[in-house]
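The values are calculated or read from the model by the stated rules, or taken from the named source; none is laboratory data. Here the structure is a predicted model, which is why all the values come from computation and not from measurement. Every residue, glycine as well, gets a Cβ built from its backbone with ideal geometry; the counts of neighbours run over all protein chains shown. With ligands, DNA and RNA removed, areas are computed over all heavy atoms of the protein, side chains included. Shrake-Rupley method; radii C 1.70, N 1.55, O 1.52, S 1.80 Å.
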Amino acid sequence: MTDSRIAELQQEVARLRQICDLQERERQLIGYELHDGLMQHLAGAKMLAESLSTPNVGPAETLNSIVAALGTALAEGRKLIGDLRPTWIAEQGLIAALQTLIDEQAGRGATQLKFEQFVQFERLAPLLEASLYRIVQEALNNIRRHSRAAQASVLLVQMGKKLVLDIRDNGVGFDPSQPTPNHFGLEGIRLRAQLFDGWTTISSQPGQGTQIIVELPIAAESRPPGAGTELR
């Protein structure tokens, strides 16, 4: 076996490991969402149902509360299914799907979100569209969970055969030289960009907010990572 073939195999193994790591992280995220959302609502409905056997508890009022809790749990379950398989990307296109995502995220927290796009494409390759969607979703989840930002923005610009995605917030920021478990989502963003031979630049300082810039070639196929991440 030639040295070049050995190098190709090593690259492929590294790529597969990165994909496995990314999938494992996404499974962890699903677990967090289930625990913090759906399971909490179901647990509340169960406690309310158990209280029906308690004397002096109004059955009608309790039943109404149970119905409300189950309705919230059902909505949360549907949202999780939508996050796992956002069919509206195929139905509406990437830009409409991103707008829907940002509107939905804006309703879940105190952060004001702004979305702007300057693109000429109508549709992209399905895998590239899905990856861009996941990158924005990951960044917004980080902002909602950790940044305590009052404002955040998402900007998507097409520059010839390249897409530039700029996501920034005015939150608490962090020191990129000191990795923290609270920012493991950034690794997922970096890996997604690498799979399309793209670049990720992460700029942050404590108290100064965070900016994530992702550059992706439009015509790229999924390939072994050949680019990297710049932190500053």
message: Taking a virtual spin label 7 Å from the Cα of GLN205 along the C-beta vector, which residues in the stretch 130-173 bring their backbone nitrogen under 18 Å of it?
response: 168-173
- prompt: Over what distance in Å are the Cα centres of the stretch 130-168 and the stretch 85-115 separated?
  reply: 11 Å
query: Each label point is 7 Å from the Cα along the Cα-to-Cβ direction; what then is the distance between the points at PHE118 and ALA68, in nm?
result: 4.7 nm
message: Given a 1.4 angstrom probe, what's the average accessible area per residue across the stretch 86-205, in square angstrom?
response: 47 Å²
query: Hey, what's the Cα Rg ratio for the stretch 78-179 versus the globular rule of thumb, 2.2 N^0.38 Å?
result: 1.10
